[in-house]
Amino acid sequence: MASVNPFNLSDSEEEAERGPNETVDTERSPSDGAPGPPGNPFSPPADAEPPALPLSGNRTSPSGEGICVSASAPTAMAGTAEARISVDGIAAQLLKDQYILTALEFHTELLEAGRELPRLRDYFSNPGNFERQSGTPPAKDQVLGPGGPLNRAGSISTLDSLDFARYSDDGNRETDERVAESEIPSQERKNFKSSPDIQEPIRPLEKRALNFLVNEYLLKNEYKLSSITFSDENDDQDFELWDDVGLNIPKPPDLLQLYRNCGSSLTSPRERVDASVGVDLGDLSEIRFAQEPVKKPDLSQQQQTEVVQELEYQLNLLSGEKQSLADQIKKLQSEIQTLKRAVSSPPPTSLDLVSQNSPRPSSSSSSSNSNSCSTNPSVPPTDNGQHLDIGGVSESENVSAPPSNQNTSHPHLQCCNKAVRQQRVQFDQPNRKLSPAFQQALLSFCRMCSDSRLGAEVSRIADNEDSVMLMLGRCLPHIVPNVLLAKREELIPLILCTACLHPEPKERDQLLHILFNLIKRPDDEQRQMILTGCVAFARHVGPTRVEAELLPQCWEQINHKYPERRLLVAEACGALAPYLPKEIRSSLVLSMLQQMLTEDKADMVREAVVKSLGIIMGYIDDPDKYSQGFELMLLSLGDPSERVVNAVHQVFIPAFAAWTTELGTLHTALIPSLLARIEKLLKQGERGLDEHKLHIFLSALQSLTPPLFAVVLQNAPFTSRVKLHGDIPAIEVTRFPRPASPLQDMATIIGSREMLSALLLLYDHQLEHEGTTGWGSLLWVVNQLLPQLIEIVGRINVTSSTCVHEFSRFFWRFCRTFGKIFTNTKVKPQFQEILRLSEENVDASAGNGILTKATVPIYATGVLTCYNQEEDRKLLVGFLEDVMTALSLSHAPLDSLKASFVELGANPVYHELLLTVLWYGVVHTSALVRCTAARMFELLVKGVNETLVAQRVVPALITLSSDPEISVRISTIPAFGTIMETVTQKELLERVKMQLASFLEDPQYQDQHSLHMEIIRTFGRVGPNAEPRFRDDFVLPHLHKLALANNSQSVESKKIDISIHLFEAYSALSCCFISEEVMVNHFLPGLRCLHADMEQLSQEHEVILSSMIKECEIKVENRGMSDTQGSISIASSLVGEDAKTKFLSKMGQLTTSGAMLANVFQRKK
C-alpha cells in the first residue's frame, strides 16, 4: 500500500473527519491539548509512550526557553488527555523534512482560508532558502543507514549533483523547474534522465562551466592549438576566470579528477543510494515522533558494495560541506555574542510577563532543547533570523550550556565573552506590558534578510581581529569579480592582509590565487604593486609559508598564455628569492627560471628571467650549482634578443662573478673557461669564424673585468694597511670606464668609494715602487691572462672589422680598469716584445710577419688610445709611422694598417693625428711609403669633415700627384675619386676634376696602362654616387674615349684588362638616370665600342652587352612616347633601393618584351 503524505489534508478535510461537536481552536497555546484527526500519523501505538517533537532546535521564546510542542495524538488509553499538534508545528515539520511542495500547498490552503502563517510566508518569500537546499526527500525504497534514511549530501563541487541554473539570476525559473521535476515520480524521472535517447537540454550555465573545464583540460595536457581554437569558437567566454562562468560557487575539480571519482567503477549518481550527512536527530532531542518501526532490509553483497562506494564518495564531498557548516557555526556564535551584548538583565516584570504568557515546559525538555541549541550550532534556525528576540536571557539558557563545553569547543569565544562582560551594551527597556509573542510578531514586520550569503555577512558584526579576517576571507572572492579591472590593484592591500592573517590554509590559498589572477594582463605599475605586496607578505609570514603558499601560485602561471602573467611570475621569483629557504632557492626556483629561459618566446619575459636569475645567484650558496650557473650564463648570452643580452651583462654576470669571487674560482675557473672556448672557436673557424659566438665570449670577459680588478685589489699585499680616516683624494671621474650597470661600478663591488680610493692609492704605489712579488692574483693576470689574450689576438682575421673592433674595445676597457701604471709597465711591454718594432726591423726590407696580423690595430686602437695625453699621442703616432714604413718597405699587405686607420678614423678625435701620420708618409724619401700614404687617404676622406679635406687632404694629394714616381701619382687616383663622391664644395670638386683631367688628357699618360685601369676602376666605383653633372660631363665622355681607344689596342692582354674594367664600370653606371643626349652621344657609343672588343674576347660578356644596347636603343625610341620619363634607367636590379624603386615604378609604362626584360636581369650573373 502506497504511503500517504499525512500533511496533505486541507482544513476542510480535517473538519470533515472531526465530529460535529469538535471545534478548531487555532488560537490555543501550543501546549494545550487538541483533538487530532483520526489518521494522524503522530499518534503512537497503544503500547508506546507519547513522545514530544521539538519543532525547532534553535528557536527560543522571548524568555529564552525552547518551544516544545506536544505532538501526542488521542489514543485509546483511558484517562489520557488527547492533544492536537498546532498548525505552526505542522508547517515547521514539513519544512524541516523538506516536504517543500506539501508545505507550499499547505501555505496556499491557509491563504485561501484567510489564515496566513508567518512561518510559511517568510520561508517562501526568501529565495535564500532555495539556494541552500541540498537534497530531496528520500524515496520509500531507499537503503537505511544507522541514523535513518541515507540522503545524498548536496555538494556544489561535483558536476553530477550540480544544478547550475539555480545559481543564475533567474530564481523563479529555477523554482519552477525544481517543482516540475518533483512532480514526476522518482522511478519515471530516473528512467527519463538515464535514457540515452532522451536527455535534458544543456543549460547555458552548464555549457559555460563545461567549456571552462574542457579548456582547462586542453591546456594542462599540452593541446595548446586545440585550446586556442576552442577559445576562438567561444569568444564570449573568458577562460581565465572561473567567475566569468556566472556561478557563485568555487571552481569544481578538473575533468581528470571528476573522471576518477565518477568513472565506470561507480554507478551513475542518479542510481546511487542517497545518504544523508548531518547532525543525528538524536542529538537534537531525546523525544522523537512515534513512527512505524522500520525494518532494515537485507542487503545483498552488491548492495553493500554500492553503499561502501557511496560512503567513500561522500568522504570526498564532506570537505565541501565542512566549510558551509563552519560558516553556520560562526554565524550562530556571532548571534550568541550579539544577544549577550545587546540584552541586559531583564527586569522582574518582564520575567513575570514571560512566565504568565508562556508556560514553562518540563525542565528536562528545556534543558535538552537548550543543550541542543548550544552544542549543535550547525543546525540553522527555523525562523531564518527574521524574528528579533527582545526578551532577556532566561536562566535555563544561561545554565544549559556548561562553561567547560564552551571553553573546549570554542576557545576563541573566551576572549569575546570576556570583552562582553567588561563592556556590556545597555539598552533602555520600554515600560510596557506587551506580551513577548506580540512583540516578536510586531518586530517580524521589520523586513530583514540574513539567509542569503550577503545578508548573513551584513547581519553580524565582527567583534575581534579573527572575525574580521574570517569575514574578509569569505567576502573578498565575491567582491573582486565585481571591481573594474583598472581599479583592482586597490584591493591588493586588503587581499594580502587577509591572506597573511587568515587562520584557514584553504582560504589563504584562494586569496593568493585571487592576487595572482587579479588582473588579466597587469601593466608595469600593477605588477610592481603586486610584487611589493608579495614581498611584504613574505616578510610577514616567513620562508615556510612563502614556499608553501606563494611559490605554488607562481608555478601555476609559468605557462600562462598572457606574457604579462608569465612576466609577473619571472619577476616574483627574483623578488621572493631573499625570503625563500636556501634549498628551494637553488633547486625549485632555479629550475623554474631555467625552464622559462629556454621555453618562453617573449623577450620581456626572458629578460625578467635573466634578472631574477642574477638575484638568485646573489643568494645561492651551493658550490655544486656553479656549473649550472655557467651554462645559464652562456645560454642567456646567446639569446637572440638584445634586451635579454643587456640584462645578462647588467645583472646576471656581475652577480655570478660575485659568487665565483667568494668561491675563489673567478680567475681560476670562470675566466679560463671563457678563454678556452674562444681558442676552440678560433681553431674551428679556420675556414670561417663564427663572429657571433666570439662576440658572446668576449663580451662576457669584458663584463668580468671589474670583478677581476676587485679580486686583484682585495688580495693585494697592502690590504692590511688600508686606512679610511684622514684625507683620501676623490677618484677621478674618468678613472674607470662607464659601467653598464650599478653592479659593475667598482665602488659598488668594493663596498664604498672611500675604500676604493684608499685601495687605488696603495695599488698605484705598489706597482710603481714595490713590485708584484707575492701578489698572486695580479701575477696571474700578468703571466697567464695577458699572454693568452695577445696570442688569441694574433690569430683572428685582420680583415674582419667586427673582430678587430670587439678586441680593441675589450683591451681599452681592460687597460682603463687596471690603470695607467699597469698599462705602461705590464701591457705595453708585452705587445712591444711581440711586435719588435726596433729601428733595425723598421728599416729592414724583410719586414715582420706579425705586423700583418690583427695585433697591430688592436694594440694601436685598444692599448695606445687608453690615455690621451701628449706622450700617449706621440707614442701612437710613432707606432703608426713605423708600421706604415715597415709594411711599405717590405711590400707586405696593408690590411693591418688599413684596419688601424678605419678603427681610429671612426672617432673624429684622431683625425688630426692620422693626417699627421699621413703627412709623414707624403714627405718620406721612399716612393713605397709615399704610395702607401696616398692609398691611406682614400680611407680617411670619408670620415673627415670638408674643412680638413680642403686644408690638409687635397694639398697633400696634389703634392703626391706631381710626384716624380708614376706609381705614386697613380696611387692618388682612388683618393681623388672618393673626394668626388663625398665632397659637395664646388671649388674642391673643380680642383679634383682638373687633376683627373690632366691624368686623362696629358700626352705623357696616354700609354700608361695601369693609370687607365685605375681611372676606369675609380669611375665605376664613384660614378653612381657622384654628382650627376660630373658624371654626365666628365665620367661618361672619358669612358667613351677609353673604350674607343681600346679598339685600337694591339696588345691583347692590355685590351682584355681594359675591356673587363670597362664592362664593370658600364654595368655600374647603367643603373643611373642618364639624359637622352648623353645616352645617344656617349653611353651607347661607348657600349658599342666595348661590344666590338667583347665579340672577340668573351662571348658571355658580348651577349649581355647586346641586351644592354638593344634596351637602350628601344628606350631612346620610346622617349617621345612618355613625357613623364625625364631619364632612362637600365638594369635597375643592380642599383640601390631608391633607384630600383623608381625604375620598377616605370616598368609598366615600357613596351619591352618579356624576353628583353629577362635579359636585363640576366646580367645579375
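Per residue, how much accessible area does segment 973-1012 have with a 1.4 Å probe, in Å²?
That works out to 49 Å² for each residue.
Can you tell me the length gained on complete extension of the stretch Val909 to His695, counting 0.36 nm per residue apart and subtracting the Cα distance?
74.4 nm
If R₀ is 41 angstrom, what is the calculated FRET efficiency for the pair Asp235 and Ser673, using the beta carbon separation as r and rounding to 0.05? It would help to have the intermediate numbers written out before the result.
Values: r = 52 Å, r/R0 = 1.27.
For R0 = 41 Å, the calculated efficiency reads 0.20.
Gln1004 versus Gln1096, label points 7 Å from Cα toward the beta carbon: distance in nm?
Reported label-point gap for Gln1004 and Gln1096 is 3.2 nm.
Can you classify segment 581-729 as rounded, prolate or oblate using the Cα gyration tensor, where a ≥ b ≥ c are the square roots of its eigenvalues, rounded means a/c under 1.5, and otherwise it's prolate if a/b beats b/c and oblate if not?
Because a/c hits 1.5 or more and a/b fails to exceed b/c, segment 581-729 counts as oblate.
Hey, what do the phi angles of segment 995-1002 turn into as Karplus ³J(HN,Hα) couplings, whole Hz, using 6.51/-1.76/1.60 and θ = phi - 60°, x for Gly and Pro?
Values, residue by residue: 5, 5, 5, 5, 5, 8, 9, 5 Hz.
Show me, for segment 936-949, the HN-Hα J-couplings you get by feeding each phi into the Karplus relation (A = 6.51, B = -1.76, C = 1.60, θ = phi - 60°), rounded to Hz, glycine and proline as x.
Per residue, the Karplus-derived 3J(HN,Hα) values read 5, 4, 4, 6, 7, 4, 5, x, 8, 5, 5, 5, 5, 4 Hz.
With a 10 Å radius around each residue's Cβ, average the other Cβ atoms per peptide and rank 492-499, 858-865, highest first.
858-865, 492-499
Going by Cα centres, segment 1043-1113 and segment 880-912 are how many Å apart?
37
Strictly over 22 Å apart at the Cα level, which of Lys625/Lys680; Lys680/Lys853; Lys898/Lys986 would you flag in this model?
Over 22 Å apart, Cα to Cα: Lys625/Lys680; Lys898/Lys986.
Kindly identify segment 786-910 as rounded, prolate or oblate by the Cα gyration tensor criterion: order the square roots of the eigenvalues as a ≥ b ≥ c, call it rounded if a/c is under 1.5, otherwise compare a/b with b/c, prolate if a/b is larger, else oblate.
rounded
Return one whole number: the accessible area per residue of segment 1045-1085 in Å², for a 1.4 Å probe.
On a per-residue basis, 43 Å².
How do 729-735, 573-579 rank on mean C-beta neighbours within 10 Å, highest first?
Listed from highest to lowest mean packing, they are 573-579, 729-735.
What whole number of Å gives the distance from the Cα centroid of segment 715-780 to the Cα centroid of segment 930-981?
With segment 930-981 and segment 715-780 each reduced to a Cα centre, they are spaced 48 Å.
Long-range amide H contacts for Ile1074: which residues qualify at under 5 Å (H placed 1.01 Å from N, peptide plane, sequence gap of 5 or more or a different chain)?
Distant-sequence amide H within range of Ile1074: Ile1128.
Which entries of Lys1055/Lys1110; Lys207/Lys331; Lys224/Lys582; Lys942/Lys993; Lys340/Lys433 have Cα-Cα distances beyond 29 Å here?
Where the Cα-Cα span goes over 29 Å, the pairs concerned are Lys207/Lys331; Lys224/Lys582.
Tell me, what ³J(HN,Hα) does each residue in segment 786-801 have, in order and in whole Hz, if you take phi through Karplus 6.51 cos²θ - 1.76 cosθ + 1.60 with θ = phi - 60° and put x for Gly and Pro?
With coefficients 6.51, -1.76 and 1.60, one gets 4, x, 5, 5, 5, 5, 5, 4, x, 9, 7, 6, 6, 7, 7, 5 Hz.
With a 1.4 Å probe and all protein chains left in place, how much accessible area per residue does segment 547-643 have, in Å²?
Normalised by residue count, the accessible surface of segment 547-643 is 39 Å².
Less than 17 Å from a label point 7 Å out along the Cα-to-Cβ axis of Glu1077: which backbone N atoms in segment 1028-1045 qualify, by residue?
1028-1038
Counting other C-beta atoms within 10 Å, and keeping those with at most 14, which DSSP coil GluC sites (Glu not before Pro) do you find in segment 966-1070?
Numbers: sites: Glu981, Glu987, Glu990, Glu1001, Glu1014, Glu1052, Glu1064; in loops: none.
Within segment 966-1070, no GluC sites (Glu not before Pro) qualify (loop, at most 14 other Cβ atoms within 10 Å).
The values are calculated or read from the model by the stated rules, or taken from the named source; none is laboratory data. What you are looking at is a predicted structure, and each value in this text was computed from that prediction instead of being measured. Glycine also receives a Cβ, built like all others from the backbone with ideal geometry; neighbour counts cover every protein chain displayed. Keep in mind that these areas ignore ligands, DNA and RNA; they rest on the heavy atoms of the full protein, side chains included. Shrake-Rupley method; radii C 1.70, N 1.55, O 1.52, S 1.80 Å.
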